[in-house]
Amino acid sequence: MAVVGCQKQAYEPPNNKINYINKIDTLGAIKYIALTFDDGPDSIYTPLILDILKQKEVVATFFLIGDRMERYPGVAKRIFAEGHCLANHTSDHLRLPGKKFITIIKNIMRTEKILAKVCGTSNKLFRPPFGLITHEQLSRLTDLGYKVILWNLDSKDYVQETSVDNIINNIVSGAGNDKVVLFHSGDFTGKKNRLKTVLALPDIIDNLKKRNYFFVKITSISDFAASGYINVQNTE
């Protein structure tokens, strides 16, 4: 079984109709960058991240877990009210490879209904937990109109041994005008804190602003490139 992920060697998928996104395709001299946050919302770190984004006048995309949206509906509504993009990250951080597609789509649709209560509609943006999805799953979700959003710049804020300085350096040194950045605004288990992300974010934003980056939501970009960054992992 071939599993699409974001961990190993570069790989170009054979089916050009597959609609996955992990690179912004930009035109002209303007430098765009998209900040994305997984695994929220929660009652502590997501609000702190929202405070920073509001203060810095920056928009972002939040890939939210359905169960946690139900637990913290006020935070989910705040994300939407403050102009950010809300997107689907399954209802319970389901690991997709090895799961039947009916199980996957029921899980995704449950989260879609929760998102619709907050946003009034669905943008059909989906990020698979751990960045792992099989080609068959990817193709079938594409047939249903979903855009699968990955990333090409990893803050590695989920690494237990990392430091605030490491998170800052990961993004500042890797920044480019085609980058979709991975952060975490919560933890799907509810046990790990995201304080390092909170502490790193202001310096990251300030540095990127000084370098004339323009912050965008995934839905603000009209065209995307889908090549060069997707990877495959053989599990058989």
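Extension gain for Lys106 to Thr189 (0.36 nm times residue separation, less C-alpha to C-alpha distance): 27.8 nm. Less than 5 angstrom separates the built amide H of Leu64 from those of Ala87, Asn88, His89, all sequence-distant by 5 or more or on a different chain. Between Thr121 and Gln55, the simple label model (points 7 Å from Cα in the Cβ direction) yields a spacing of 3.4 nm.
When each of the peptides 160-170, 64-74 is scored by how many other beta carbons lie within 10 Å of its residues on average, the order from highest to lowest is 64-74, 160-170.
Here the stretch 61-175 is treated as an ellipsoid with the same Cα gyration tensor; its semi-axes, largest first and in whole Å, are 25, 20, 13. The residues of the stretch 165-215 have, on average, 47 Å² of accessible surface per residue, using a 1.4 Å probe with all protein chains present.
Go through 110-119, 35-44, 180-189 and give me the packing order, highest mean Cβ count within 10 Å leading. The partial results should precede the final answer.
Working: 110-119: 17.4, 35-44: 24.5, 180-189: 22.6.
The most tightly packed comes first, giving 35-44, 180-189, 110-119.
The values are calculated or read from the model by the stated rules, or taken from the named source; none is laboratory data. All values derive from a computational prediction rather than experimental measurement. Note that each Cβ is placed from the backbone with ideal geometry, even for glycine, and that neighbours are counted across all protein chains shown. The accessibility values were calculated without ligands, DNA or RNA, using every heavy atom of the protein model including side chains. Shrake-Rupley method; radii C 1.70, N 1.55, O 1.52, S 1.80 Å.
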